[in-house]
Every structure is written in C-alpha cells, then in structure tokens.
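Chemist: Take a look at this one; I'll ask things after.
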Amino acid sequence: MKRERAAWIFVAPALVALGLFFFLPVVAALVLSFTDFDIYSLADICNLRFVGLDNYLTLLRTHLFWKALGNTLYFVILGVPLSIALSLGAALLINSKLARFKGLFRTIYFAPVVTTLVAVAVIWRYLLHTKYGLINWGLGGLGIDPVDWLGDPNWAMPAIVIFAVWKNFGYNMIILLAGLQTIPEELYEAAKIDGAGRWAQFRHVTLPALAPVMLVVSILTMAGYFQLFAEPYVMTQGGPVESTVSVLYFMFEQGFKWWNLGFATSVAFVLFVILFAITLVQLKLSQRWSDQ
C-alpha cells in the first residue's frame, strides 16, 4: 500500500501538468467548437452563444475547406512515401560497411531538421525563382524550359513537397538507422549461406525486421504532413489560386485572420478525427500484415 501511495505521489506532478496543459485546453477547445466564439465574444463574453453542430455543418458546406483537404491529401500522398523512401535510402547508405565519414554524413543529412524553417524557406524561394533560381538554371542545362515553381498552380504543391521532404527526411533517417543497427548480423549471414543476393536480403531480412520501426515512422510522418502550415505560409501564402491552402492554413485564416475562433476549432477537431481514423487503418493493416 505504501509503495502504491509513493508511486502516485511521484507521478502526481506529471498528471497535474498533463491535465492543465493538455487535457484542459483540448476540452476547452472542444466546447468552443460548439459556440460562435469570435472577436465580439473576446470583447464581451456575454456575446458568446451556443450553436450546437452549426460550425461543423457550415464547415462541410464550405468549398474552401474541401479544397484545403484535397491539397493536404495531395501533399500527404506525394510527400510521405517520398520522405520515407529517401530516409530509408540514406539510412541504408550510412549503415553500409563500405560507407566512410558516417558521422559527417549523418550531420549533413540531419542539419535541415534543426535549421529554422522560415530561414530555409526564404532561401528555397530564391532557389525556386523562375528567372534566377538555381534549380531552373540546372534544368536549363538539361534543355528543359524554366518552371514557374511557386507561381503555377500545377507546380506550387510539388515544389512545397520537395522542400518539405528535404527539410524532414533526416529525422526519419535517424530512427531508421537506429532500427537497422538492431538487426542481428547472423540473419544476413544465414541468408547469404542460403544463396540470397542483396535484393533478397533487403526484401526478406531488412524489411521484415524493420517493419515495427517503419510503422512508427509512417504514423509520425503522416501526422506531421497532415499538419502542413509553415511551408505554404512562408512560400506561397496559400496561392496561387488556393492551390497550396492546407487544412491547417485554412484553420489559421479562420481563427486569426477572420477571428471565427469557434469555427476554427471545429476545423481542428475534424482534422483530428481524420488523423485518428487513418492511424487506426494503418495499425489494422500492419497487424494483418504481421499475422500473415
């Protein structure tokens, strides 16, 4: 009994902090999503009215929300596999026995993760400049016409995907590299004895052993990519023609540009439900795959 009481005393500060700084704000935001909380309510709380599900119903009728959701899904579908593939490739290269200067390359690949996003976004705007950008200069050397990366609705989101993948792949690379280093060398030696080549070793040893880590990486990456905001905010301001407006950018504009704070919180909870549902699907698929 004393041990149990002592345990509760030790965890109590953490529970209080979680309750105050996580659960309480979440519950408060959920309550706000059922009200018309706006700038008038900020001035006088008496102006606050309970509107039930009106915010959610209005959201489902808002064209720009569906446009933002489509843009976000496009970003996730294109960016998440690309980011994980690049991270895995970099982790395999660094983990290779033939690799030299591993510490240096780990630092180089991880450096964009810890670099201020706004600063590198400004630099990437110059790199992607239609007339003077380094990327178009390189394409010109290959005989390809310049691309208006940030001014063409068809190219703006792919440009943001390229930037986001470059910025974030180092984080996943470190996680995957740690996973690769836990795979016993005996498994590869047994596979070699059975006549397995490099591709067969990768397919039948590396990927199955790395599956739990890949699941964690895919969930983290997907959740992070669904929260796309800073990149379009700095690089395109949601344009051109709303082609880079994400769900989070839409929520930000509703909350802090138009001061529809109750409506904006309803956007946040719809995004939470979408993320929760997709994560459940990922876990179910992973469980089914591991049972086979």
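The values are calculated or read from the model by the stated rules, or taken from the named source; none is laboratory data. None of these values were measured; they are calculated from a predicted model. Note: ideal-geometry Cβ built from the backbone for every residue, glycine included; neighbour counts use all protein chains shown. When the accessible area is computed, the model is the full protein with side chains, heavy atoms only, and any ligands, DNA or RNA have been set aside. Shrake-Rupley method; radii C 1.70, N 1.55, O 1.52, S 1.80 Å.
Chemist: Which count do you get for residues in the range 128-151 that are within 27 Å of the chain's Cα centre (by Cα), hydrophobic (A, V, I, L, M, F, W, C) and open to solvent by 50 Å² or more (accessible area, probe 1.4 Å)?
Modeler: 2
Chemist: Pairs please, first residue from the range 101-113 and in contact (Cβ under 8 Å) with a residue 12 or more places away in the chain, second anywhere and open to solvent by 80 Å² or more (accessible area, probe 1.4 Å), Cβ atoms under 8 Å, 6+ apart in sequence or on different chains.
Modeler: Cβ pairs passing all conditions: 105/93; 110/171; 112/166; 113/171.
Chemist: Among (1) within 21 Å of residue 49 (Cβ to Cβ); (2) touching a Ser or Thr at 6+ places or on another chain (Cβ under 7 Å); (3) of a type outside the set (A, V, I, L, M, F, W, C), there is one condition residue 255 misses while meeting the rest; what is its number?
Modeler: Single failed check for residue 255: (2).
Chemist: State the number of residues belonging to the range 44-65 that are open to solvent by 90 Å² or more (accessible area, probe 1.4 Å) and in a helix (DSSP H, G or I).
Modeler: Selection size over the range 44-65: 4.
Chemist: For the range 209-227, does any single residue satisfy the condition of being free of Cβ contacts under 8 Å to residues at least 12 places away in the same chain, touching a helix residue (DSSP H, G or I) at 6+ places or on another chain (Cβ under 9 Å) and either closer than 19 Å to residue 168 by Cα or part of a loop (DSSP other than H, G, I, E, B) (or both)?
Modeler: The answer is no; no qualifying residue exists.
Chemist: Same structure again: Is it the case that residue 105 is touching a helix residue (DSSP H, G or I) at 6+ places or on another chain (Cβ under 7 Å), of a type in the set (Phe, Trp, Tyr), modelled with pLDDT under 95 and closer than 30 Å to residue 202 by Cα?
Modeler: yes
Chemist: Shifting gears a bit: Going by the conditions given, is residue 197 more than 21 Å from the chain's Cα centre (by Cα) and not polar (S, T, N, Q)?
Modeler: yes
Chemist: Could I ask something else about it? If residue 167 satisfies every condition in (1) open to solvent by 50 Å² or more (accessible area, probe 1.4 Å); (2) touching a helix residue (DSSP H, G or I) at 6+ places or on another chain (Cβ under 8 Å) but one, which is the exception?
Modeler: Residue 167 satisfies all of (1) open to solvent by 50 Å² or more (accessible area, probe 1.4 Å); (2) touching a helix residue (DSSP H, G or I) at 6+ places or on another chain (Cβ under 8 Å) except (1).
Chemist: Can I ask one more? Considering (1) part of a helix (DSSP H, G or I); (2) touching a residue at least 12 places away in the same chain (Cβ under 8 Å); (3) aromatic (Phe, Trp, Tyr); (4) under 18 Å from residue 266 (Cβ atoms), say which one residue 74 fails and leave the rest.
Modeler: So the condition that residue 74 fails would be (4).
Chemist: Report, by residue number, each residue of the range 23-64 that is among the aromatic types (Phe, Trp, Tyr) and either out of contact with any helix residue (DSSP H, G or I) (no Cβ under 8 Å at 6 or more places or on another chain) or touching a residue at least 60 places away in the same chain (Cβ under 8 Å) (or both).
Modeler: 23, 34, 37, 50, 56
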